[in-house]
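The values are calculated or read from the model by the stated rules, or taken from the named source; none is laboratory data. Quick caveat, the model's predicted, so the values are computed rather than measured. Cβ sites come from the backbone with ideal geometry, for glycine too, and all protein chains shown count toward neighbours. Surface accessibility is based on the protein's heavy atoms, side chains included, excluding ligands, DNA and RNA. Shrake-Rupley method; radii C 1.70, N 1.55, O 1.52, S 1.80 Å.
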Amino acid sequence: MKSLWSVLGTVAIAGLALAGPAHAQGSRGYGADTGRMFPILLRGVDLTDTQREQVRQIVGNHRPEFQRIAGELRAARETLTVKLYGPDPVGAADLAPLVEQSGKLRAQMTQEGVQVALEIRNILTPEQLARASQVRQRLNELRAEMRSLLGGTR
């Protein structure tokens, strides 16, 4: 049986998809921390054994779709890279369909990640949701403090 941490790792992968669009827009993903923070938040809400099994099941149900989308996204990125850095002349119009395809795949990955998050959220108690909110707030405060200490503007 897989450990909860490997399951949460898969959730983290989904989370990266959620943070991807923010990262692509030039941020470090801090603003779109929903998916990346989800495994940390789950760890902080004290899941029951039953809930851990439900999380495993939810993630397992979505794993094939995540893998499919991730494979297509890797292929699209590779095709884009080959064209962009290849020896043949290339312009924006040549790359536009590949950029559009990558965007659609990222959107699909985000939607799948949101669906996983909603399904997991539905198994949490109101007390666990409140605790997750508290943990999230504290992590945001710590992140802001770290940026302040390091002199960052983001």
Scan (1) more than 26 Å from residue 75 (Cα to Cα); (2) within 18 Å of the chain's Cα centre (by Cα) for the single condition residue 102 breaks and write down its number.
-> (1)
Yes or no: residue 125 surrounded by fewer than 16 Cβ atoms within 10 Å (Cβ to Cβ) and either over 20 Å from the mean Cα position of the chain (by Cα) or not charged (D, E, K, R) (or both)?
-> yes
Picking from 139, 124, which residue would you name as being touching a helix residue (DSSP H, G or I) at 6+ places or on another chain (Cβ under 8 Å), assigned to a helix (DSSP H, G or I) and either at pLDDT below 95 or within 22 Å of residue 46 (Cα to Cα) (or both)?
-> 139
Go through 70, 117, 132 for me and flag whichever is part of a helix (DSSP H, G or I), modelled with pLDDT of 95 or more, open to solvent by less than 90 Å² (accessible area, probe 1.4 Å) and out of contact with any strand residue (DSSP E or B) (no Cβ under 7 Å at 6 or more places or on another chain).
-> 70
Test result for residue 151, within 19 Å of the chain's Cα centre (by Cα) and over 24 Å from residue 58 (Cβ atoms) | no
Test: residue in the stretch 29-51 that is crowded, with 16+ Cβ neighbours inside 10 Å and at pLDDT 95 or above = yes
Which condition does residue 80 not pass, out of (1) more than 15 Å from residue 41 (Cα to Cα); (2) of a type in the set (A, V, I, L, M); (3) under 16 Å from the mean Cα position of the chain (by Cα); (4) open to solvent by less than 50 Å² (accessible area, probe 1.4 Å), if it passes all the others?
-> (3)
